[in-house]
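Each reported figure results from applying straightforward, stated rules to the coordinates on display, with no laboratory input. Values in this document were obtained by computation on a predicted structure and should not be read as measured data. Note that we place each Cβ from the backbone using ideal geometry, even for glycine, and neighbour counts take in every protein chain shown.
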Amino acid sequence: MTSKSVKQCIEQRHSVRSFTDEPIGDIEIQELLEAARQAPSSLNSQPWRFAVITDQGTRDWIATKEVSHKQSWLSKAPAIIVCCADLEGYVRDSQAAAFFYKENKLFDPEPMKGVESYVAREETNSMAARFGAGAMNVGIAVAFMMLRATDMGLGTCWVGMFDEEQLKNKLSLAEETRIVCLLAVGHPDEDQAPIRSRKSLEEIRIA
Ligand SMILES: Cc1cc2nc3c(=O)[nH]c(=O)nc-3n(C[C@H](O)[C@H](O)[C@H](O)COP(=O)(O)O)c2cc1C
């Protein structure tokens, strides 16, 4: 199998909501999680955590009105990766990084103060405020997975419309583990990619 360039993956990735019956194997899942693992994160805190759902019963449940506003196509996605942010781990690992940077004098004194005040702010922030930074980090990892999936000929769709409480209960997730999105993954079953409408460069470049 020939590998695509990053540019090709970016151009070819689109949301796929129709999948063949071909299952997704452990090796493919590992490849996607490996891509996530390589993503950058604030203070290298790597707050992402993933729960991989492949059993039909749970996928059918996710596809219901109560959980995903009846996004029925989700029951045919061979794998649904629940992409989470561990907000305790995020602070703990950020603290550890700041300590390590200081001990090893990896930063000049002034930027080091910046790192320490960033960590101190996150420590005292409410869980809701921490979620902003946690979700930002997880979002990057999910983007890496989506591009790697495109490279592997797989289709993905980011799903943001779901009932977090119900999913957290079902998966017995800890209070401090917040769900950022669901990533549906499978072998695409479509004739051609939809035409994507995008804002022009002039619209998005503001200076
Ligand atoms: C934060 C976010 C939430 C999204 N939520 C959903 C969703 O709940 N259901 C869905 O079918 N697509 C969802 N999408 C996919 C978008 O609709 C899609 O990315 C957008 O229309 C652009 O199309 P493209 O991905 O094919 O380029 C979401 C995407 C993002 C980034």
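Numbers for the structure displayed
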{"quantity": "Check on I80, β-branched (V, I, T), within 14 Å of the ligand (Cβ to nearest atom), under 26 Å from M136 (Cβ atoms) and not in a helix (DSSP H, G or I)", "calculated": "yes"}
{"quantity": "Looking only at the range 12-48, and only at residues there that are assigned to a loop (DSSP other than H, G, I, E, B) and within 16 Å of the ligand (Cβ to nearest atom), the one that is nearest to R92 (Cα to Cα)", "calculated": "A39"}
{"quantity": "Selection status of T58, over 24 Å from G153 (Cβ atoms), among the hydroxyl-bearing types (S, T, Y), surrounded by fewer than 20 Cβ atoms within 10 Å (Cβ to Cβ) and within 16 Å of the ligand (Cβ to nearest atom)", "calculated": "no"}
{"quantity": "The lone exception for G153 - which of (1) over 24 Å from P40 (Cβ atoms); (2) more than 16 Å from the ligand (Cβ to nearest atom); (3) surrounded by 13 or more Cβ atoms within 10 Å (Cβ to Cβ) it fails", "calculated": "(3)"}
{"quantity": "Selected residue [under 29 Å from E165 (Cβ atoms) and surrounded by fewer than 16 Cβ atoms within 10 Å (Cβ to Cβ)] from R17, R37", "calculated": "R37"}
{"quantity": "Qualifying residue in the range 50-70 (condition: in contact (Cβ under 8 Å) with a residue 24 or more places away in the chain, out of contact with any His (no Cβ under 6 Å at 6 or more places or on another chain) and under 30 Å from V115 (Cα atoms))", "calculated": "yes"}
